[in-house]
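Structure first, then comments.
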Number of protein chains: 2
Amino acid sequence: MQFELTHALHRLEQQNSGATAVIFRDRQRTWADLAERVARLAGALHRLGLKAGERVGMLGLNSDYYIEYMLGVWWAGGALNPVNTRWSQAEVAFSLDDCGTGILLVDERFASWGDALREQSKALHTVIYVGDGEAPKGLLHYEALLRDAVPAEDARRSGDDLAGVFYTGGTTGFPKGVMLSHLNLLSNALGYLLELPYSDDDVVLGVAPIFHQAGMCIIVRALLRGCPMVVVDEFEPVAVMRAIEEHRATFTLLVPTMVQRLVDHPEAGRYDLGSLSRVLYGASPISEGVLERAFKVLPKVRFYQGYGMTETGGPYTILPAWCHGSEGQKAGMLRSAGRAMWGIEVRVVGENGDPVPSGTVGEIVTRGPGVMQGYWGREDETRTALRDGWMHSGDVAYIDDRGFLFIVDRLKDMIVSGGENVYSSEVENALCQHPAVQSCAVIGIPSEKWGEAVHAVVVLQPAQEVTEAELRVFCKTLIAGYKCPVSTEFRDSLPVSGAGKIMKHVLREPYWADSSRSIA
Amino acid sequence: MQFELTHALHRLEQQNSGATAVIFRDRQRTWADLAERVARLAGALHRLGLKAGERVGMLGLNSDYYIEYMLGVWWAGGALNPVNTRWSQAEVAFSLDDCGTGILLVDERFASWGDALREQSKALHTVIYVGDGEAPKGLLHYEALLRDAVPAEDARRSGDDLAGVFYTGGTTGFPKGVMLSHLNLLSNALGYLLELPYSDDDVVLGVAPIFHQAGMCIIVRALLRGCPMVVVDEFEPVAVMRAIEEHRATFTLLVPTMVQRLVDHPEAGRYDLGSLSRVLYGASPISEGVLERAFKVLPKVRFYQGYGMTETGGPYTILPAWCHGSEGQKAGMLRSAGRAMWGIEVRVVGENGDPVPSGTVGEIVTRGPGVMQGYWGREDETRTALRDGWMHSGDVAYIDDRGFLFIVDRLKDMIVSGGENVYSSEVENALCQHPAVQSCAVIGIPSEKWGEAVHAVVVLQPAQEVTEAELRVFCKTLIAGYKCPVSTEFRDSLPVSGAGKIMKHVLREPYWADSSRSIA
C-alpha cells in the first residue's frame, strides 16, 4: 500500500462527518457533504469519458469548488492540470494541449473563455461551467452534472501515480508541465507538518492561488489534518481581513507583498485579526520594515518563510519564527530562505556536481520523495534538471553550518515578481517580436510592492520609435500581464562580454547597489 | 525516490550536528557523534559479511547502543531483528534461526547467553558484545569493531525495502516474524506526528522496551523531528523519575502499569516531574483511579492512548487528551482505544468481510502504508492475516459514529499482560506438557498491576499431584516468565460446549463480573 491523497477524506468522513470542511463566501460544507460531492464529481467525470491518469484542467480563482475539483479528479483516478489565471488565452491553450487535457472547469471569471479555448486547443473536448449563474452556451453546468451523476467509488490512486501536471514558466519561453505524483504531494505535506503542525483548533485560510503549489500545499495539509478551510477568491486586503475576523482563521500562507498590503492597509485596525497565530510566506524575503509594521498590526503572529519550487512539490525549507525576532534579525537570519524540512535532501554543489563545503556558493540541488517525476513530454529538459535523482534548481546559494540556505543568485535568469516566476528570456522573446526593437535585456529591479519588478533595457532599430506604454501593450498580447515590463529604458547599445553575451550584472548593478538584500 | 529511515540522520548532521542526540546514563552524544558511530558500525557490519537485506539481531535492554544499532543496520543496508528480552534462550534461538539472523549484538545483561545462542542457532555466526566491560571469550567487542572500521556510505534503503523482522507471539505457540519496511515504519511515524507532534523543545524519554514496536516508534519519531532522546535501560520508577528531572523530559510512552507504578511510588513527590507534558500509553486502557492519582502527581501532563499491533507498524489510534478529562470520563471515552491516525484505514467487518454499520461489533481490519508486508516465511499465516491488503487483527470491536474504536474481545484468545501479548494456546501447550496435567484452559483475569494476568484452570491426571508453584517453574523452562500463569486453579473438569470446545467465557465470567471495563 502506498500513500493516497484521497485517504484523508475517507478518514474525515468516518471521524468528523458533521464538522465544517470548507467555507467560501456564504457557503459552508461539512466533510460528509464534501465527500458526497467529490464522489458525484468523480462519477460525472467518468461519464464524460475520463480514464485513469488523464488530466482535468481548472481555470478559476480560489473557491470551495477548487477543493472539490482536486479531490474529485483524484477520486476519479485522474490528474490535475490547474491553470495559471494570469496567463493569456494562448498560454492557457498551449498548456492544455501540451499534456492533452480533455476536460476543463472554468469559473465565473473565465466562463467567457470556454468556447475560445475549445477552439484553440486540440485536446480540449469538454468545458464545464462552475458557478452560481447559468452556464454559457456550449458549456456543461457543474451543479447539473453533480445532480445527475452516480457517485463513484474512489479509484484509490496512490504512490507514484500521477496526481497532477503543474505548469511553470520555462526558460525557452514556453511553460513546462511539472509532473507530481501522490507521493510527491504527500511527502511535501507530511514533511512540512512535522515542523509546522496544524492543531485541532487551526482554521486554515486559503488566499494564495491554489493553482500554484504554494497555495495548493496548505490545502493538502489541511486535508491531512482535517482542519476547516476558509477560502477567499483572490487577495484583496479587506476581504482577507473580513475572512480572518469572521471565521477566526489561525493560519495562512501569503507572499510578502500580501503581508505588506495587509498591514499597511488604512482599515487594518478596524478588523479583529487576533485569531491569526501563524503566517507562512514564500517566494521572496520579507523586508524588516514590513515585519516591524506587521508585529504592530498582528502582534500574536509568528512568521515562517518557505522556499521551494513547483519541481519540489512546493516549499521545502522553513525559516523558523525565532529568525524573525530581534535576535534573528540582528544575526541576519531574515536573509536566509530557511532550512530543509524532513524528507528532502538539500545540497549546494559546484560545477562538477560535487557538494561544496558549508559557506561556499554553488547551485542548490534537492533529492527526495517530494521531487517531481519530470517535465511532461520533455525528456531532454527532464534529464538536464534531474540528474541521479537530484533536481538542479538553477538557484545559486550557500548553506551555513546550521543548514540555513542563503540564496545568492539565480542561474536561470529568473525574476520573482509578486510571487510569480518570470523568465527574462520569455519577456525578451516577446519584446523582440516588436518591429521597432533591435535587441533587449530584461532584468529584475527592486520593488517595494513586488519584491522584484520586471525591467526592460531596449535598443531600437535605426530610425524607429516606440513608447514604453506601446511596448507594454504589445507584450500583453503575447504573454501574461505580470510578465510584461513595468519599466523600460532605451539605450543605444547593451554591454556585451568578450564572448558576446549580454552582461546583465552590469545592467543590474545601479539598481541593486543600495539594497542590503541583493539577490541580483 | 522513496522514504528512507536514515534520511533523518543526514539532515540532523547538516542542521544540528552539535546538538545532543542521545543521553544514556552519564553518556551524551551529538548528532555528529551518532552519525560517525553509525557509519562505523555499518562499515564493521560490512566487514563481518552483512549483505543487503540481511538481518542483524539485538538482545539487550534500552540504551544509546540500541539507537546506534537501529541506524547502523539500516545504514549498512541490513534489517533489524530486535529480540524480546523476556524470552527464554530457546525462544530467542528459534527467532534468530527463523529469519536467518547471522549477527547478534548482546548487551551486558545478556553477554553470558552469547555462546549458548551460537550453539543453539544454526544461522548465528557472530556475536558482538556491546558494553563497557571486557567482551566474554568468543564474542567480538563493539567498541573495538567501531574503532577499526572504515565508515561506510549509507546504503540508502527505502520504501518497500525490509527494515526489520519483529517477532510477536504466535497462536501456534511459535513467535512469528512481522516484516516491516522502511515505508511501514515511516508511515506510522509520520501519521502519528500529524496529530501528536513533537516540537523544537521536546525531549523524548525512551522507557518502554525498544525491541517492541511501541518503544521503537517513539524513537523513530524523535529521529524524524530531531528531538534529543533520553533512554533508560528498563522501567524502574525511581530511575525514570530521576531521568525526567535531570534531563527535563517532556514526552514519553508508558504502558498503564508503568503509569500506575510511577504515580503510586512513595518517592514520587520527591522528584520534579514538571517538565513532562505528554504521556502516550498503550496496550490496555488506563483505570480512572490511576488517572486521578496521575493528575495529582503529574498535573501538567496530557494523556493519550494508542492502540495497534506489531503488524501495523505500531500504535495507529489516538485517544485524545480531552477524553481523559472529567467530561470525557463521564461520556465513557476512557473505554475507547481511540481513533485512527491519518494514513491507516480502520474498519470493523462482519464474518463475510463486509464493513458493518457504526456501533455494530465485528473484527477490526486495517489497511494502509503502515501495514506489514507479511510474516517471515509463513505464507499461509500471511494469507490468513492479510486479505486484499486488509490486516485482520483478530480483535473484536465496534466503531462509534465519530470513529472511536471500542474493543470488545479478542478473537485470537490473547491476554495482554503488562503490555505483552500472551496467546493462551501457547501457555496451554506448555502446561499440557507436564505429566500431571490432563487438560487446561488459560484465561486473562483482571489485575491492578498488569491490566490482565495469566490465569490457568487445570484438570489433573487421575491420581497425580502438582502444585501451582511447580507448574510455574515447569512452564518457565519452556516459555518466557511473563507468559507463565500467575495463578492456577485446579478443577475436576472444564466447561465444554456441545461442539466440544472449552467455553472460556464461562471461566472468565466470575472474574470479570465486577469489572466495569470487561475485555473478556
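The values are calculated or read from the model by the stated rules, or taken from the named source; none is laboratory data. Keep in mind the model is a prediction, meaning the values are calculated, not measured. Cβ sites come from the backbone with ideal geometry, for glycine too, and all protein chains shown count toward neighbours.
Selection over segment A:1-33 of residues that are buried (at least 18 other Cβ atoms within 10 Å of the Cβ), within 24 Å of the chain's Cα centre (by Cα) and away from chain B (no Cβ under 12 Å) gives a count of 4.
So that you can scan it fast, the table gives a plain yes or no per residue for (1) under 30 Å from residue B:254 (Cα atoms); (2) at pLDDT 95 or above:
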{"residue": "B:51", "(1), (2)": "no, yes"}
{"residue": "B:86", "(1), (2)": "yes, no"}
{"residue": "B:96", "(1), (2)": "yes, yes"}
{"residue": "B:105", "(1), (2)": "yes, yes"}
{"residue": "B:126", "(1), (2)": "no, yes"}
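Residue check: residue B:398 meets all listed conditions (1) within 14 Å of chain A (Cβ to nearest Cβ); (2) in contact (Cβ under 8 Å) with a residue 24 or more places away in the chain; (3) surrounded by fewer than 17 Cβ atoms within 10 Å (Cβ to Cβ) but one, namely (3). Take the conditions (1) more than 14 Å from chain B (Cβ to nearest Cβ); (2) closer than 25 Å to residue A:247 by Cβ; (3) among the small types (Gly, Ala, Ser); residue A:102 misses just one of them, which is (2).
Might you check whether a residue that is surrounded by 20 or more Cβ atoms within 10 Å (Cβ to Cβ), within 13 Å of chain B (Cβ to nearest Cβ) and over 20 Å from residue A:295 (Cβ atoms) occurs anywhere in segment A:316-332? Among the residues of segment A:316-332, at least one is surrounded by 20 or more Cβ atoms within 10 Å (Cβ to Cβ), within 13 Å of chain B (Cβ to nearest Cβ) and over 20 Å from residue A:295 (Cβ atoms), which makes the answer yes. Please work out if residue B:428 is among the acidic types (Asp, Glu), surrounded by 19 or more Cβ atoms within 10 Å (Cβ to Cβ) and in the same structural domain as residue B:460 (by TED's automatic domain parsing). Judged against the criteria, residue B:428 is a match. Against the numbered list (1) charged (D, E, K, R); (2) in contact with an Asp or Glu (Cβ under 9 Å, 6 or more places away or on another chain); (3) away from chain A (no Cβ under 14 Å), residue B:55 comes up short only at (2).
Checking every residue in segment A:464-486 against the condition of being of a type in the set (S, T, N, Q) and either within 14 Å of chain B (Cβ to nearest Cβ) or in contact with a Gly (Cβ under 6 Å, 6 or more places away or on another chain) (or both) gives zero matches. Residues considered: B:226, B:177, B:215, B:191. Of these, the only one that is under 20 Å from residue B:255 (Cβ atoms) and not acidic (Asp, Glu) is B:215.
Residues to consider are B:78, B:159, B:131, B:164; find the one that is outside the structural domain of residue B:428 (by TED's automatic domain parsing), touching a strand residue (DSSP E or B) at 6+ places or on another chain (Cβ under 9 Å) and modelled with pLDDT under 95.
None of the others qualify; the one that does is B:131.
The set of residues from segment B:320-370 being basic (Lys, Arg), farther than 26 Å from residue A:6 by Cβ and touching a strand residue (DSSP E or B) at 6+ places or on another chain (Cβ under 7 Å) comprises just one member, B:335.
For segment B:348-362, the condition holds for at least one residue, the condition being that it is modelled with pLDDT under 95, surrounded by 18 or more Cβ atoms within 10 Å (Cβ to Cβ) and not acidic (Asp, Glu).
State yes or no: is residue B:239 under 15 Å from residue B:209 (Cβ atoms), modelled with pLDDT of 95 or more and of a type in the set (A, V, I, L, M)? So residue B:239 fits the description; yes. All told, residue A:381 falls short of being assigned to a strand (DSSP E or B), touching a residue at least 12 places away in the same chain (Cβ under 8 Å), away from chain B (no Cβ under 14 Å) and of a type in the set (D, E, K, R).
Residue-by-condition table, conditions (1) in contact with a helix residue (DSSP H, G or I) (Cβ under 7 Å, 6 or more places away or on another chain); (2) among the aliphatic types (A, V, I, L, M); (3) within 28 Å of residue A:207 (Cα to Cα):
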residue: A:52; (1), (2), (3): no, yes, no
residue: A:80; (1), (2), (3): yes, yes, yes
residue: A:97; (1), (2), (3): no, no, no
residue: A:113; (1), (2), (3): yes, no, yes
residue: A:116; (1), (2), (3): yes, yes, no
residue: A:119; (1), (2), (3): no, no, no
residue: A:133; (1), (2), (3): yes, no, yes
residue: A:145; (1), (2), (3): yes, yes, yes
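Here residue A:181 does not fit the description of being among the small types (Gly, Ala, Ser) and either out of contact with any strand residue (DSSP E or B) (no Cβ under 6 Å at 6 or more places or on another chain) or closer than 12 Å to residue A:314 by Cα (or both).
Taken together, B:371, B:416 contain a single residue that is within 30 Å of residue B:182 (Cβ to Cβ), under 20 Å from the mean Cα position of the chain (by Cα) and in a loop (DSSP other than H, G, I, E, B), which is B:371. Restricting attention to segment B:337-365, the residues that are more than 10 Å from chain A (Cβ to nearest Cβ), closer than 28 Å to residue B:196 by Cα and either among the polar types (S, T, N, Q) or within 20 Å of the chain's Cα centre (by Cα) (or both) total 4. Checking the stated criteria, residue A:201 turns out to be more than 26 Å from residue A:337 (Cα to Cα) and surrounded by fewer than 18 Cβ atoms within 10 Å (Cβ to Cβ).
If you go through segment A:40-54, how many residues are outside any loop (DSSP other than H, G, I, E, B) and surrounded by fewer than 23 Cβ atoms within 10 Å (Cβ to Cβ)?
Of the residues in segment A:40-54, the ones outside any loop (DSSP other than H, G, I, E, B) are A:40-47.
Imposing the further condition that a residue be surrounded by fewer than 23 Cβ atoms within 10 Å (Cβ to Cβ) reduces the set to A:40, A:43, A:46-47.
Residues that pass the stated criteria total 4.
Residue count for segment B:34-49 under the criterion of being within 14 Å of chain A (Cβ to nearest Cβ) and either among the hydroxyl-bearing types (Ser, Thr, Tyr) or within 25 Å of residue B:125 (Cβ to Cβ) (or both): the result is 0.
Can you pull out every residue in segment A:133-153 that is part of a loop (DSSP other than H, G, I, E, B) and at negative phi? Hits for segment A:133-153 are A:133, A:134, A:135, A:136, A:137, A:139, A:149, A:150, A:151, A:152, A:153.
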